[in-house]
Structures are given as structure tokens and as C-alpha cells.
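*Asks:* Quick one: this structure, given as C-alpha cells, is what I'll be asking you about.
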Amino acid sequence: MEDYIWEFEKPKIRVRLNEDNELTIIWFIKGLSPNIVDRVKLQPYLSFDDVFHMAIKVEKQLRGDC
């Protein structure tokens, strides 16, 4: 998950892109594996930080690292 987050953020950092928070969340969720997406979409979130922290938490739960 950390590799995906870095690959997702790297181009934005390189070009100093500040896109809409909602659009960032949509693009991030599209790149997640389906089993993570299903669980993340069930949770309330307000920001991109909320979404990626949730995705990391879900991934750990699925791996049994809770």
C-alpha cells in the first residue's frame, strides 16, 4: 500500500499539482484493489488523508496484521 501511495503522490509532487480533494480521492480509490475499495467505500471520509489511512488500515486487516 505504501508503494501505491508513493506512486500516486509522486507525479503531483513533481509538478506541484493541487487538484480538487474530491478528484484526488476518486483517482486514488480507482487504483486500489477491489477488496480494499469495497471496505473503504463503506466508511465515511472527508479528506484524502482519511481515505489513504483507511486503505492502509483495511489492508492490514486483510493481511491479519491488526
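Let's see how each residue does on (1) surrounded by 17 or more Cβ atoms within 10 Å (Cβ to Cβ); (2) at pLDDT below 90; (3) of a type outside the set (Lys, Arg):
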| residue | (1), (2), (3) |
| --- | --- |
| Lys30 | no, yes, no |
| Ser33 | no, no, yes |
| Tyr45 | no, yes, yes |
| Phe52 | yes, yes, yes |
| Gly64 | no, yes, yes |
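*Asks:* To continue, here is another question. Residues in the range 17-58 that are of a type in the set (A, V, I, L, M, F, W, C), closer than 18 Å to Asp3 by Cβ and assigned to a helix (DSSP H, G or I): how many? Even if it seems obvious, please write down each step before you answer.
*Replies:* If we filter the range 17-58 for residues that are of a type in the set (A, V, I, L, M, F, W, C), which is where we start, we get 17, 23, 25-29, 32, 36-37, 40, 42, 46, 48, 51-52, 54-56, 58.
Applying the additional criterion that residues be closer than 18 Å to Asp3 by Cβ yields 27-29, 32, 36-37, 40, 48, 51-52, 54-56, 58.
Remaining after also requiring assigned to a helix (DSSP H, G or I): 27-29, 36-37, 40, 48, 51-52, 54-56, 58.
Total meeting the criteria: 13.
*Asks:* Report whether or not Val40 is modelled with pLDDT of 90 or more, touching a Lys or Arg at 6+ places or on another chain (Cβ under 8 Å) and surrounded by 11 or more Cβ atoms within 10 Å (Cβ to Cβ). Steps first, answer last, please.
*Replies:* Details: modelled with pLDDT of 90 or more: yes; touching a Lys or Arg at 6+ places or on another chain (Cβ under 8 Å): no; surrounded by 11 or more Cβ atoms within 10 Å (Cβ to Cβ): yes.
It is false that Val40 is modelled with pLDDT of 90 or more, touching a Lys or Arg at 6+ places or on another chain (Cβ under 8 Å) and surrounded by 11 or more Cβ atoms within 10 Å (Cβ to Cβ).
*Asks:* Have a look at Glu22, Glu9 and point out the one that is modelled with pLDDT under 90, among the acidic types (Asp, Glu) and surrounded by 11 or more Cβ atoms within 10 Å (Cβ to Cβ).
*Replies:* Step by step, each of Glu22, Glu9 is checked, and only Glu9 is modelled with pLDDT under 90, among the acidic types (Asp, Glu) and surrounded by 11 or more Cβ atoms within 10 Å (Cβ to Cβ).
The values are calculated or read from the model by the stated rules, or taken from the named source; none is laboratory data. Quick caveat, the model's predicted, so the values are computed rather than measured. Backbone-built Cβ (ideal geometry, glycine too); neighbour counts: all protein chains shown.
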